[in-house]
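Okay, structure first, notes after.
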Amino acid sequence: MRRVILILMLCVSLFTTVNGQDIHFSQFMNSPLLTNPANTGFIPDADYRLGANYRNQWASIPVPYKTYSVFGDAQLFRNKFETGWMGIGALLLRDVAGSGNLTSTKGYVSIAYHQELGLSSLLSAGFNVGFANKKVDPASLHFGDQYVWNGKFFEASVPTADNFSASTATYLDLQAGINYAYFPTDKAYINAGFSVLHINTPKETFFVNSDNQIPRRYTAFLNGSFKMSENVILNPNAYASFQAKSREIVAGANAHYNLSGDGEKQLIGGLYYRVGDAAIAMAGFQLKTTQITFTYDATVSSLRSYNGSRGAAELSIIKHGFYNEYFGNKRQSLCPAFGN
């Protein structure tokens, strides 16, 4: 019975997804271009970065939700602008959800400009543009009007009245955002940002006579980095996103522990909480310019009675670097760092 109820709840979730629910990661701080286009080229401790994210949600059910992303961004024209620079980047997302194989594929290119305000703050603005494609397998889906009582149980034995006009939908998607960073000393750094996703409210539907549009999504975040000692850097993070009647609020912190005097080996641990949904534990390791972090969402909502608190597992890999690190002219980091 529990599995039946869980599947019904997930069917409701799938229906919501068909009508425009967005891809998300618990490690929002490690998916910068998805969180805010103004993060493009906003890399406080490097000149470029490459990253990948993987999320496996509700693995305890027969058909889990799987989300993948890869991204890259870089700083340009630091030698052309005296107190600013440009950022360019690209992001590719793919999500496969539910027994209907609802598949989302999205690709974006983004650009941003970053302007220093004095010696201790920075203002950034950026936007991205891309194309999104969603497809579904209607033959794998069953709807409420298909179920008929056969004397023992309900079975899907009649055609549905929900007519699909197409099994795929493609549309243009636009996003924009701003960031502000404040770094008064080499031991403290604060960053706040706000973005609007789906500015053009694109149409997305598989059904006949439907004019479903994706509502705008408003996202705000606040990050910090504080050097507590020569061996500990604390990074508190908060994130809030609102879309139509849905919301996601996540807050917590992670810490980097210096395992070597120069900071080339770091141990990462943290804890976050998604309001009304999950407790999120983080563990990771950084070796030189490559960081690997793993998080696990433990369900704390009423859904835990059906999925045994098994929520989602997520993996992030990020590599960053400097263009001129081999020429002895590496730019100083804007945020706290070990070995400084």
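The values are calculated or read from the model by the stated rules, or taken from the named source; none is laboratory data. The structure displayed is predicted, hence computed values, not measured ones. Backbone-built Cβ (ideal geometry, glycine too); neighbour counts: all protein chains shown. Only protein heavy atoms, including side chains, enter the accessible area calculation; ligands, DNA and RNA are left aside. Shrake-Rupley method; radii C 1.70, N 1.55, O 1.52, S 1.80 Å.
Some observations on this one:
- Ignoring lysines fewer than eight residues from K66 along the same chain, the ones with Cα atoms less than 29 angstrom from its Cα are K106, K134, K135, K203, K245, K319.
- For the stretch 24-43, the residues whose amide N sits under 11 Å from a probe point set 7 Å from the Cα of F81 along the beta carbon direction are 41-42.
- Taking all protein chains together and a 1.4 Å probe, the residues K288, K135 rank K288, K135 from largest to smallest accessible area.
- Anisotropy class of the stretch 183-282 from Cα gyration tensor, a/c 1.5 cut: prolate
- Taking 7 Å steps out from each Cα toward its Cβ at L172 and F242 produces label points 2.9 nm apart.
- Length gained when the stretch I199-T290 is fully extended (0.36 nm per residue, less Cα-Cα span): 29.4 nm
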